[in-house]
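Report on one structure; see the data block that follows.
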Amino acid sequence: MSLVNALLGAIQNPNAQANASQLGTIVQTVQQLSQANQANPDTMQMALGIVGKYVRSGLQETANQQGGEAAAQQIVNQYSGTNPNAQVVNLLLNGSQVQQLVAEVTAKTGLPAGTIEGLLPTLVPLVLQLLQGGAETENANNSVLHSFLDSDGDGSVDLSDALNLASRYL
């Protein structure tokens with residue numbers, strides 16, 4: 001199941017946390033970040049998609065080392081949101097990963113490296129906020145996180161597509 005399909009399923013699932021208000025807050029935050037950094041919203045969505053790829057890797061490593069998806073879900077629960085949090089950046093990404101991420105975002109979006117570094121404490125919790133939408137209130141299942149962590153090796157993380165869909169849905 002693709003991330004987009006998982007997100008749509010979570011929105012339609014009355015037991016999941018995803019809803020139009022949550023998605024609206026995420027989209028609005030991306031738009032505010034775009035305006036504050038004089039960037040096109042599509043550029044910021046692309047940056048968020050790249051950040052998502054690195055967050056995925058960090059969450060997969062957490063799941064592999066600390067007992068599965070429940071450990072990743074705990075990080076999602078603790079650090080998701082729209083407020084900056086540098087602690088989660090350091091928890092999920094080491095220094096070389098941050099450098100690679102910044103270089104990739106700079107190359108693909110044209111955003112300055114300093115801007116990207118400054119945005120990471122906001123973008124990482126924002127990715128986690130999107131993932132939290134799949135968490136169900138009655139059990140520990142999270143279809144969005146499960147789809148995001150899909151370790152089939154295809155390397156595709158369609159977080160940018162999911163955010164684009166969310167903005168059109170609203």
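The values are calculated or read from the model by the stated rules, or taken from the named source; none is laboratory data. Not measured: the values here are computed from a predicted model. All Cβ positions, glycine included, derive from the backbone under ideal geometry; neighbour counts span all protein chains shown.
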note = Note on segment 96-136: residues touching a residue at least 60 places away in the same chain (Cβ under 8 Å), over 13 Å from Met44 (Cβ atoms) and charged (D, E, K, R) are Glu136
note = Note on Ser21: of the conditions (1) among the hydroxyl-bearing types (Ser, Thr, Tyr); (2) loosely packed, with under 14 Cβ neighbours inside 10 Å; (3) modelled with pLDDT of 90 or more, unmet is (3)
request  = Give just the number: which of (1) out of contact with any strand residue (DSSP E or B) (no Cβ under 9 Å at 6 or more places or on another chain); (2) surrounded by fewer than 20 Cβ atoms within 10 Å (Cβ to Cβ); (3) of a type in the set (D, E, K, R) does Glu69 not satisfy?
outcome  = (1)
task = Just name the residue that is surrounded by the most Cβ atoms within 10 Å (Cβ to Cβ) out of those in segment 79-123 that are out of contact with any helix residue (DSSP H, G or I) (no Cβ under 8 Å at 6 or more places or on another chain) and farther than 16 Å from Ser57 by Cα.
result = Thr115
request  = Could you tell me which of the residues Ser151, Ser167 is of a type in the set (Ser, Thr, Tyr), part of a helix (DSSP H, G or I) and either crowded, with 21+ Cβ neighbours inside 10 Å or at pLDDT below 95 (or both)?
outcome  = Ser167
